[in-house]
Every structure is written in structure tokens, then in C-alpha cells.
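The values are calculated or read from the model by the stated rules, or taken from the named source; none is laboratory data. Predicted model, so just to flag it, every value in this text is computed and none were measured. Backbone-built Cβ (ideal geometry, glycine too); neighbour counts: all protein chains shown.
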Amino acid sequence: MIICKLSTILGAKRIKVSDVCRATGIARATIDRYYFDKVNSFDREVLSKLCDFLHVEPHDLIVKVAQGDLFETEEESDQ
């Protein structure tokens, strides 16, 4: 499964969604879909603007994880 880590990155950098919208020109509804990981298809222009603004690479923003890892508890991952 592919997930979008925009919320994690924004939290780590202490950046507000509204700041991303203003700086990139990307619509709030689009940013919200990325932020809440509700994207069905990734637009290359949006990805490029996000990566440039956040100073990250696409593989930092979009990550492929094994589906089992999504449901693993912290106790299971420590073993």
C-alpha cells in the first residue's frame, strides 16, 4: 500500500496547511486530500510543488509500506 506522509512532514517542520496553500498555489481541497492520505492518484505537478516547498524528495512524501505493517502494534514491532 502507498501512503502519503504530508501530515507527518508538516508536523515535523511545524508548517500549517494554509501556509503550504499560500506558498504553492495548490488548492486547499487538494492539500487536504494529501494531508489526510485520501489521494487516489498523484498529480506530478502537485508533487513537484510540494517537494520543492518542503525541500524533500518524492520518496520522502510517498512511501510504499507492506499492508501488514499498517496493522502491527508497537509490541509486535519491538519483537
*Just to be sure, is Glu74 modelled with pLDDT under 95 and charged (D, E, K, R)?*
yes
*Scan segment 2-16 residue by residue and report those that are surrounded by fewer than 16 Cβ atoms within 10 Å (Cβ to Cβ), within 19 Å of Val39 (Cβ to Cβ) and more than 8 Å from the chain's Cα centre (by Cα).*
Ile2, Gly11, Ile15
